[in-house]
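Q: One structure is given below, represented as structure tokens, and several questions about it will come after.
Readers should treat all values here as calculations from the given coordinates under stated rules, not as data from a laboratory. Everything numeric in this text was worked out from a predicted model, so none of it was measured. In this analysis, Cβ positions are derived from the backbone assuming ideal geometry, glycine residues included, and neighbour counts consider all displayed protein chains.
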Amino acid sequence: MQTIKLNNGVEMPILGYGVFLVDPKECERCVTDAIDVGYRMIDTAQAYYNEEGVGAAIKKSGIKRDEFFLVTKVWITNSGEEKAAKSIEESLKKLQTDYVDLLLIHQPFGDYYGTYRAMEKAYKDGKTRAIGVRNFFPDRFVDLCNFVEIKPMVNQMETHVFQQEKTLREYMDKYNTQLMSWSPMARGENNFFNNEVLKSIGDKYNKTAAQVALRFLTQENVIVIPKSTHKERMKENFEIFDFELSKDDMATLRSLDKGESLFINHYDPEFVQSIINY
Ligand SMILES: NC(=O)c1ccc[n+]([C@@H]2O[C@H](COP(=O)([O-])OP(=O)(O)OC[C@H]3O[C@@H](n4cnc5c(N)ncnc54)[C@H](OP(=O)(O)O)[C@@H]3O)[C@@H](O)[C@H]2O)c1
């Protein structure tokens, strides 16, 4: 698996499996299928309520822990130094491991500076190999970077062909923070899997729209975590390293960028309230 070196030297797989909206009852089966397909990076979160399923699948796989790259996220209700530290211990227990590979702040709300300090401590104590943030838009990202001891290694953001995060990437480059995409296939919105541009480029390489979209991001050095509960789709999403998009095709795909989210507006007070109540 191709990897990307984070700003602390840790090698992170460029492709992983995400379990957002995977039913806790189905999670162990899904992660077992994903491991069988070849995925070794798994992205979960306290707020997905399926960390136990991820932990069980990894344990039962019989594959050594250090072959996996495990990502989880601290939720808003656990924000603040003390609560976050306690929640990290709970996540480790649920995941049946002594450490995770990457720990993220899930949302830039609540006492996220306190959460970050707890994550810095977990990092120093060897409970996580890297730390970072999620949904930190340029303003909050720059603010955070100016006031923390350890610069975030990763910022996980909605990133797909329609939202390429060009402005944010300029700021992230200054701190050598790696972009990790959530919803790399836009969760199927905008008739994603039937998009004419993605399909016609795919025809040239005998690949699907999903494979073109994922390949595009990895060629742009973006880490991707596609989700599917179907094993054949997990396999399809995994088979993106046996072709390379040409310069012209990359330029065409770059031009699909609309520069805005398909799902969220972190500057909308109603949205912020709904996330806090989640
Ligand atoms: N923290 C957050 O709030 C957050 C938010 C979004 C995403 N994420 C992370 O990013 C991961 C991926 O994002 P996402 O789950 O929102 O969306 P996504 O990976 O962009 O798309 C998933 C959707 O596409 C379908 N699908 C997957 N592969 C397909 C294929 N090859 N052909 C056709 N349909 C396909 C899936 O359906 P089936 O499952 O039925 O196959 C599912 O409906 C998440 O699982 C999570 O780890 C985090």
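Q: What list of ³J(HN,Hα) couplings, whole Hz, do you get for the stretch 246-256 from phi and the Karplus terms 6.51, -1.76, 1.60, once you set θ to phi - 60° and write x for glycine and proline?
A: Here the 3J(HN,Hα) series is 6, 4, 5, 5, 4, 5, 4, 5, 4, 6, 7 Hz.
Q: Compare Met185, Met250, Met157 in a GNM of the chain, Cα atoms joined below 10 Å, and give the one with the largest fluctuation.
A: Taking springs between Cα atoms under 10 Å, the residue moving most is Met250.
Q: List the residues whose amide H sits under 5 Å from the amide H of Asn50, counting only those 5 or more places along or on another chain, with H placed 1.01 Å from N in the peptide plane.
A: Amide H neighbours of Asn50: Ala45.
Q: Now for a different question. Over 20 Å between C-alpha atoms is what I'm after, so list which of Lys59/Lys83; Lys199/Lys247; Lys25/Lys235; Lys207/Lys235 land there.
A: Table pairs above 20 Å Cα-Cα are Lys59/Lys83; Lys25/Lys235.
Q: When we measure straight from the Cα of Lys86, which lysines land under 21 angstrom away, once same-chain ones fewer than 8 places off are left out?
A: Once the sequence-local lysines are set aside, what remains near Lys86 is Lys73, Lys94, Lys121, Lys124, Lys127.
Q: Can you list residues from other chains, or at least 5 along the same chain, whose modelled amide H is less than 5 Å from the amide H of Tyr17?
A: Amide H to amide H, under 5 Å and 5 or more residues apart or across chains, Tyr17 pairs with Met41, Ile42, Asp43.
Q: What is the antiparallel percent of DSSP beta bridges lying wholly in the chain, to the nearest 5?
A: Expressed as a percentage, antiparallel bridges in the chain total about 15.
Q: Here is a follow-up. Considering amide H positions built from the backbone, and no H for Pro or chain starts, which residues 5 or more places from Thr159, or on another chain, come under 5 Å of its amide H?
A: Answer set, sorted by chain and number: Trp182.
Q: Among residues other than Ser181 whose Cβ falls under 14 Å from its Cβ, what is the net charge (Lys/Arg +1, Asp/Glu -1)?
A: Net charge in that neighbourhood comes out at +1.
Q: With only Lys, Arg, Asp and Glu charged, each at its Cβ (+1 for the first two, -1 for the last two), find how big the charge dipole of the chain is about the Cα centre; round to the nearest 20 debye. Don't jump to the answer; show the numbers that get you there.
A: Working: 36 positive and 42 negative charges, 97 e Å.
Around 460 debye, computed over the chain.
Q: Can you tell me the Rg and Dmax of the chain, counting just the alpha carbons, in angstroms?
A: That works out to 17.9, 54 Å for Rg and Dmax.
Q: Taking θ = phi - 60°, what integer Hz values does the Karplus form 6.51 cos²θ - 1.76 cosθ + 1.60 yield along the stretch 62-71, in sequence order, with x for Gly and Pro?
A: Using θ = phi - 60°, the values come out as x, 7, 4, 3, 6, 8, 9, 10, 9, 10 Hz.
Q: Mean residue ellipticity at 222 nm from the helices of the chain, using -39,500 (n - 2.57) per DSSP H segment of n ≥ 4 over the full residue count, to the nearest 500 deg cm²/dmol?
A: -12500 deg cm²/dmol
Q: Convert each backbone phi in the stretch 97-103 into a coupling constant with the Karplus relation 6.51 cos²θ - 1.76 cosθ + 1.60 (shift: θ = phi - 60°), then list the ³J(HN,Hα) values in order as whole Hz, x for Gly and Pro.
A: 8, 8, 8, 10, 8, 8, 10
Q: How would you rank 76-88, 263-275, highest first, on the average number of other Cβ atoms within 10 Å across their residues?
A: Highest-to-lowest ranking by the protection proxy: 76-88, 263-275.
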